[in-house]
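The next block holds one structure in the form of structure tokens; read it before the comments.
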Amino acid sequence: MPDWMVEATGLVKTYQRRDGSTVAAVQGIDLHIRRGEIFSLLGPNGAGKTTTIAMISGLIAPTRGDAKIGGHSITREPLAAKRLMGVVPQEIALYLELSARQNLEFFGRLYGLSGRELGRRVDEVLDFIDLTERQRDRLDTFSGGMKRRVNIGVGLLHRPQMVYMDEPTVGIDPQNRRRILDTVKRLRDEYSLTILYTTHLMEEAQELSDQVAIVDQGRIIARGSQGELTQQVGEQDRLIFTVGQQKVEEALLRRIEQSAEGVTRALYDAPAVGDADGAATAGTITVFARRGRRALPGIILAINDASLEIGSVEVREPDLEAVFLHLTGRALRD
Amino acid sequence: MRHILIMVWNGLYISNLDRTGFIIKFVTPFLLSTIIAFAFSGLGSSLPVIEAFPVALVNLDEGADSGGGPVNLGDTFVQVLLPAADAGPAAAPVCPAADAAAGSAPPVAITDLLTTTRLNDAEEARAGVRSGLYQAAIIIPPDFSRRLSPQVSATGATLAGTEIEIYASGASPLQGSIVRSLVQAISQQLVTGNVTIAATLQTLIDRAGSDPAFGLAFAAAGASGTFQPDFACAFVPALNTVTVAREPLDAVQQRSVFVQILTLFGAAQAAFFALFTAQFALLSLYDERKQGTLQRLLVVPMPAWYIVAAKLLTAFVNVVVQLTVLLLALTLVASLREGQVMFIWGDAPLLVLLTIMALALSVCGISALLVGLARTPEQARLFGSLINVGLGALGGSFGFVLPAAIAGVSPIYWGSEAFRQLAGGNTDIGLNLLVLLLQGGIMFVIGSWFFVRRSGIKGA
């Protein structure tokens, strides 16, 4: 029998609206995470990742279901379960008026550390997150990336067996993002920590994860290793044509599916006025094809026949984005 | 418990890093009190103590028959408040014991404190106060003696209530307070005397009911006029209870105007700003939620209610520290101004500390209730400020004094009044402490319940 660090069964969370109706944020999630692995919950914003993680960590009570951390039920033995967990919330959950060291010392004391032991652990963590030089500076003088590193450091201070990280790279520059991803991998490789990681960025899930669960509308729609998941879309390439703001008829998509050998499916992703970051996105036609490059000319001809101009063409190997698109008909960024 | 103390310490540390909070907590009340004290005491000039301020006295009392002869308790008031020469002939019978007391003890020095002018028209007295001619008017109603005299019937003797009107100028709160204290003290003496008479008569009537022989003798004595009790001593001002009120007055009089005003305003300002401190301390829970630190605290292996308990305790300790620092700082200012080391809050530092703690409990209770009832932090801030200003106005923080029945709604009244009493050397602040503890305790319990509910912390 596998040595599970996290076992969540039938987690459901519903909220009551003011009009009395209920809305289900999570609709029955089962998770099994082995010790020492990085398990990613991948899904678009609002899919239910944070609610799932909040139930597993004891932050909110599940409407139904339960989760065990190291064998301890989070609903019946919350203190024992919480002792095994480190938490890295999505927000910079720190006191900005205090220095990095003061923040670490405060949370360290709450986890029962004191005296020399506390000092030693704080030093270790500061070294691990590479902030020893700035340890006495107030956090409100730190960059976003540095605050994120302290945020991670607090979660590691008491040497938990498992850490959950809720989108820890949100809103930071690529350099700091790289640093955080490397830190996460080091935690697994050097300290054998179990990590439950949520993200809406496919690249992060692909780079870090031993196991991935794809979450959409409060349910897990697929799970497994990356290889297992990409097999779900077969050996198909994705051909992505940007068409700007031009309108794409359903009939064109059907013509594309018949335009060349190996084409299995064509989807249209309409242009968005503004995404989560506020930038407008162009409309795209995504075509799944077994031998994408060979199918390319026929598809271009079909699009040209419809009098559409092609802005760019991209051919992608199978990845988690393709899996999500394949399963939901929507892009992750939606 | 360790977790709670760690969070309380952190909360105190962070709240004192906040410059705005520091200014509201310490600097503003300190500066306000000091500036007002300097302004009203003549900016450094050595003014005499408060004395001989003009007061109008109107005695409309028509007197009553006490059973042993006519009595006019209003005249007793006049005797106390006016120099003997101006008081006119005393209506009350002469009391030999009072004569003896007058021979051995100095007379009450109230006439040194007030320049009392006797008037016959209540409206004229009120107009005089409004025009600034008098700083207060004391108006004794026509039925004063009648209502205070025991009403004897076959079943016993009873007393009715009455009231003396103090018409004070809002521009002279200190003088108004002094007049009110004096009238209360004298009234207390009259009430005590009448209660004694009523109790005596009741005892006689009871005994007459249970002992037929005594009853017959008592009835015969009454019919023949041989029963002539002399209750005059109960109302003679020179005898006893007025001297109780003299002690704080004497202590007040020994201090300079600067110290008097500093204690008066300092206590009220400290209590007023304590309301804001408690409120901000509790509202920080919402800030923690917004900042995400609350979520982080909730996943620490400790019961969730520790977080709420720590917030409430932080607010309480914050207020205790604030009041203590302010009272000490004002003492320091007074010492510097007077050129001698002094503690302006009286001779009972433990009672001062107890008052601080009772007041802290009370303001934390109000704040917990307010924060708990508000739907959003913004609402709590808005209504909190309005309620605090309202309580400040009721409690005397803004320089005008309202009647105790109205002011008593505000803990500021009870707290600052207790500090003022202690500053004046009067340690009889049991009622103040009781009210503050009851007011605080009840509001703290109800407020905490609402606060926990509003905080959304499960298992708290």
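The values are calculated or read from the model by the stated rules, or taken from the named source; none is laboratory data. Small disclaimer: the values here were computed from a predicted structure and weren't measured. With ideal geometry, Cβ positions are generated from the backbone for all residues, glycine too; neighbour counts draw on all protein chains shown. Surface accessibility is based on the protein's heavy atoms, side chains included, excluding ligands, DNA and RNA. Shrake-Rupley method; radii C 1.70, N 1.55, O 1.52, S 1.80 Å.
The residues of segment A:194-221 that are open to solvent by 10 Å² or more (accessible area, probe 1.4 Å) and over 9 Å from the mean Cα position of the chain (by Cα), listed by number, are A:Glu203, A:Gln206, A:Glu207, A:Ser209, A:Asp210, A:Gln211, A:Asp216, A:Gln217, A:Arg219, A:Ile220, A:Ile221. Out of curiosity, is A:Arg101 surrounded by 18 or more Cβ atoms within 10 Å (Cβ to Cβ), modelled with pLDDT under 90, more than 9 Å from chain B (Cβ to nearest Cβ) and not in a loop (DSSP other than H, G, I, E, B)? No: the conditions fail for A:Arg101. Tell me whether segment A:314-330 contains one or more residues that are open to solvent by less than 70 Å² (accessible area, probe 1.4 Å) and over 28 Å from A:Gly224 (Cα atoms). No, every residue in segment A:314-330 fails to be open to solvent by less than 70 Å² (accessible area, probe 1.4 Å) and over 28 Å from A:Gly224 (Cα atoms).
Against the numbered list (1) at the interface with another protein chain (Cβ under 8 Å from one of its Cβ atoms); (2) more than 29 Å from A:Asp127 (Cα to Cα); (3) open to solvent by less than 40 Å² (accessible area, probe 1.4 Å), A:Phe107 comes up short only at (2).
Can B:Arg381 be described as surrounded by fewer than 23 Cβ atoms within 10 Å (Cβ to Cβ), within 14 Å of chain A (Cβ to nearest Cβ) and over 17 Å from the mean Cα position of the chain (by Cα)? It is false that B:Arg381 is surrounded by fewer than 23 Cβ atoms within 10 Å (Cβ to Cβ), within 14 Å of chain A (Cβ to nearest Cβ) and over 17 Å from the mean Cα position of the chain (by Cα).
All told, B:Phe30 meets the bar of being at pLDDT 75 or above and surrounded by 14 or more Cβ atoms within 10 Å (Cβ to Cβ). Among the residues of segment A:45-66, those identified as on the phi > 0 side of the Ramachandran plot and either modelled with pLDDT of 90 or more or facing another protein chain (nearest Cβ under 8 Å) (or both) are A:Gly58, A:Gly65. You will find that of B:Leu402, B:Leu391, B:Leu434, the residue that is at pLDDT 85 or above and open to solvent by less than 70 Å² (accessible area, probe 1.4 Å) is B:Leu391 and no other. Filter segment B:1-34 down to residues that are farther than 17 Å from B:Leu313 by Cα and of a type in the set (Val, Ile, Thr) and give me whichever is farthest from the other protein chains (Cβ to nearest Cβ). My answer is B:Thr34.
Per-residue answers, yes or no, for (1) of a type outside the set (A, V, I, L, M, F, W, C); (2) more than 10 Å from chain A (Cβ to nearest Cβ); (3) more than 19 Å from the chain's Cα centre (by Cα); (4) not in a helix (DSSP H, G or I):
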residue: B:Val259; (1), (2), (3), (4): no, yes, no, no
residue: B:Phe265; (1), (2), (3), (4): no, yes, no, no
residue: B:Ala268; (1), (2), (3), (4): no, yes, no, no
residue: B:Thr277; (1), (2), (3), (4): yes, yes, yes, no
residue: B:Leu282; (1), (2), (3), (4): no, yes, yes, no
residue: B:Arg296; (1), (2), (3), (4): yes, no, yes, no
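Filtering segment A:165-190 to residues that are within 16 Å of A:His200 (Cβ to Cβ) and outside any helix (DSSP H, G or I) leaves A:Met165, A:Asp166, A:Glu167, A:Pro168, A:Thr169, A:Val170, A:Gly171, A:Ile172. Checked against the criterion of being within 10 Å of another protein chain (Cβ to nearest Cβ), more than 19 Å from the chain's Cα centre (by Cα) and open to solvent by 40 Å² or more (accessible area, probe 1.4 Å), segment A:90-97 has at least one qualifying residue.
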